[in-house]
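Below is one structure, written out as structure tokens, with a few remarks after it.
The values are calculated or read from the model by the stated rules, or taken from the named source; none is laboratory data. All figures in this text were calculated on a predicted structure; none of them were measured in a lab. We place every Cβ from the backbone using ideal geometry, glycine too, and count neighbours over all the protein chains shown. These accessible areas exclude ligands, DNA and RNA; they are computed on the full protein's heavy atoms, side chains included. Shrake-Rupley method; radii C 1.70, N 1.55, O 1.52, S 1.80 Å.
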Amino acid sequence: MRVVDLRREQDFDDACRKLCLLVKSKNRTVDLVVSVETGGRFVGEKFVEFYNPGMPNFVVKRQRKGTKTKQKYSIFSRMIGIMPDVAHNLLRVVEHHARQFFYERKNRRPRISNVEIVNDISGSVNEESMILIIDDAVDSGSTLLDVISFVKQRYPNSEIQTCAITITFKNPIVKVDYHIYKDTLVKFPWSMDSKHERGAGSSHV
């Protein structure tokens, strides 16, 4: 599995622009973007900027347990901050394969979680709109599954499609309609192992 570095602002912007062009190439007219906090929100903001500035960006939140656990241990973050890139990449790949292994052992059962609204834009779209759900990366797909269910309940007559910068698991439980990378781990500007790079010219989006 390869690791792609999008920590530089220009590289991240280029990836978001490619995602936008991919959606446009399919002749889809997007009426509303639903971005998944946190990383998906940054991707969603860039997508809107390139696709149609001023288009509504509805932000929702569904945080996986592993992310909360990482955030609790500041010592882990400090250790990551002093490691070279090759060590970052190795840790990412090992963690990813471990998570995918246990996910497959559980027979790909999704974890059901509540979706929270970060910014409410009720009334911004029609009942029969084209809604694009955006995340930065799709692993098992359980987050995307919960967000799709949430959006369907809120806009039952709308068409819903999904997109992400990368798909990391081989067989996610939901279909991602548009993506740039597959079987690829991506370092984003907000990634935990990006913090040590900020003094070296990397941007935090």
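Just a few scattered comments:
- Any strands (runs of 3 or more DSSP E) falling wholly within the stretch 119-202 and containing at least 1 residues that are at pLDDT below 95, crowded, with 19+ Cβ neighbours inside 10 Å and under 14 Å from the mean Cα position of the chain (by Cα): 184-187
- Any hit, the stretch 93-114, residues being among the aliphatic types (A, V, I, L, M), open to solvent by 100 Å² or more (accessible area, probe 1.4 Å) and at pLDDT 80 or above: no
- Pairs, first under 14 Å from LEU132 (Cβ atoms) in the stretch 157-170, second outside any loop (DSSP other than H, G, I, E, B) and of a type in the set (D, E, K, R), C-beta under 7 Å, six or more apart: ILE160/LYS152; ALA164/ASP135; ALA164/ASP136; ILE165/ASP136
- Test: residue in the stretch 42-49 that is touching a residue at least 60 places away in the same chain (Cβ under 8 Å) and either surrounded by fewer than 16 Cβ atoms within 10 Å (Cβ to Cβ) or touching a Gly at 6+ places or on another chain (Cβ under 7 Å) (or both): no
- Look at the stretch 88-102: where a residue is of a type outside the set (Val, Ile, Thr) and a partner is part of a helix (DSSP H, G or I), sitting 6+ places away or on another chain with Cβ atoms under 8 Å, you get HIS88/ILE80; HIS88/ASP193; LEU91/ILE80; LEU91/ASP193; ARG92/ASP193; ARG99/GLY66.
- Looking across the stretch 1-10, the residues that are in contact with a strand residue (DSSP E or B) (Cβ under 8 Å, 6 or more places away or on another chain), open to solvent by 50 Å² or more (accessible area, probe 1.4 Å) and not basic (Lys, Arg) come down to MET1, ASP5.
- Count of residues meeting criterion [open to solvent by less than 20 Å² (accessible area, probe 1.4 Å) and polar (S, T, N, Q)] in the stretch 12-38: 1
- The stretch 117-161, residues that are hydroxyl-bearing (Ser, Thr, Tyr) and out of contact with any helix residue (DSSP H, G or I) (no Cβ under 6 Å at 6 or more places or on another chain): SER122, SER124, SER129, SER142, THR143, SER149, TYR155, SER158
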